[in-house]
Amino acid sequence: MRRIVVVEDDDAIGAMLTRSLQSHGYVVAWCTTGAEAAAAIAEAPPDLVLLDVGLPDVDGLNLCRRLRTENRDLPIVVVTARDAEIDVVVGLDAGANDYITKPFSMTILLARIRAQLRGVEPADPDSAIEIGRMRVDPAGWTVSVDGQPIELRPREFQLLLALCREAGRVITRERLLADVWDLHWDSSTKTLDMHVMALRRKFDDAIEIATIRGVGYRLVVP
Ligand code: CA
């Protein structure tokens, strides 16, 4: 049974979410404040957090950042009434895995939740990843396009792998730098850009790495 912590101060929405998620087989802990949610998550880490950003006691995005710092692998889906693009970007920057804007359809929300939970199922880290014409083999440290090998330097390979593992999602510069270089991000942000440029050059049009200005990069899934 998958456990979901729902953080929502609106009684009607919280009750609807709880009922609906329970009827789909999830175990739900409904919290109405940020403090209550932080305590519940610290006590028993759930499989996913559904987080309303408009909370009475704390800024939901700050809470999101904090949860992300404390638990890197916890899927967080942000629910927001503010659909301005800046909020979306801030939401991703805050470490959310996905977001949905109010009013939302329960069908779409359930699909998003399923997608996140699939993502955390222990996948074999060595299994090959195929995206478009490219095939990456993490075990053999090889990558090819249309069967033709592409020569990559070790950091380029690690960066590509990081982008592939979360293909379609924005990965922040901070996370890429931490995952690939183990350095504090502001010390080598140019290094990251240069490696992305190298990947774009080596793969030509076989892959597309989108720049999300001021946030990070996303490997586009064709
Ligand atoms: Ca709210």
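Based on the Cβ-Cβ distance from GLU130 to MET197, what FRET efficiency comes out when R0 is 22 Å, to the nearest 0.05?
About 0.40, to the nearest 0.05.
Apply 1/(1 + (r/R0)^6) to the Cβ-Cβ distance of THR142 and VAL220, taking R0 = 35 Å, and write down the FRET efficiency to the nearest 0.05.
Plugging the Cβ-Cβ distance into 1/(1 + (r/R0)^6) gives 0.95.
Give me the number: length gained by fully extending LEU110 to ARG155, i.e. 0.36 nm times residue separation minus the C-alpha to C-alpha distance, one decimal in nm.
12.5 nm
How many percent of the accessible area of the chain is carbon or sulfur, using a 1.4 Å probe?
51 percent
If the only charges are +1 at each Lys and Arg Cβ and -1 at each Asp and Glu Cβ, what is the size of the charge dipole of the chain around the Cα centre, to the nearest 20 debye?
440 debye
Using a 1.4 Å probe, how large is the accessible area of LEU63, given in Å² and rounded to the nearest 10?
My reading of the accessible area for LEU63 is about 10 Å².
So how do 190-199, 4-13 stack up, highest first, on mean other-Cβ count within 10 Å?
Highest mean packing first, the order is 4-13, 190-199.
Could you provide, to the nearest whole Å², the per residue accessible area of the chain with probe 1.4 Å?
53 Å²
Give the peptides 27-34, 14-21 in descending order of average Cβ contacts within 10 Å, highest first.
27-34, 14-21
The values are calculated or read from the model by the stated rules, or taken from the named source; none is laboratory data. These numbers were taken from a predicted model, which means no experiment stands behind them. A quick note on method: Cβ atoms are made from the backbone with ideal geometry, for glycine too, and the neighbour counts reach across all protein chains shown. What goes into the accessible areas is simple: the full protein's heavy atoms, side chains included, and nothing from ligands, DNA or RNA. Shrake-Rupley method; radii C 1.70, N 1.55, O 1.52, S 1.80 Å.
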